[in-house]
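Following: one structure in structure tokens, then a few remarks.
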Amino acid sequence: MALKMSVFVGTDLLCWLPIIILGIGSAANVEISVELYVWLAVFVMPINSALNPFIYTIPTMKSRKKNEPSFIAEL
């Protein structure tokens, strides 16, 4: 369970870290181009949304399959 949660948190962190860094930079009056924000919003943030179904579904399916009783063995 801890491994699954660390994967979830790690992938979310990797996708949001550039946005967080740019937010901190802009709060510290670092000049950041608007194009960089656009590229991150268009390409990096959707990666997280696209990966989440796979990240949440595949480990759950594997653990359920491992824990299910085999009906063929019972026959």
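Applying 0.36 nm per residue to the separation of N52 and I19 and subtracting their alpha-carbon distance, the gain on full extension is 10.1 nm. Most tightly packed first, judged by the mean number of other beta-carbon atoms within 10 Å of their residues, the peptides 46-57, 27-38 read 46-57, 27-38. Working note: Cα gyration tensor of the stretch 5-45, eigenvalues times five, square-rooted, sorted largest first, giving semi-axes of 22, 13, 4 Å.
All of the numbers you see were taken from the coordinates with simple rules; none came from a lab. These numbers come from a predicted model, not from an experiment. Glycine gets a Cβ as well: all are built from the backbone with ideal geometry, and neighbour counts include every protein chain shown.
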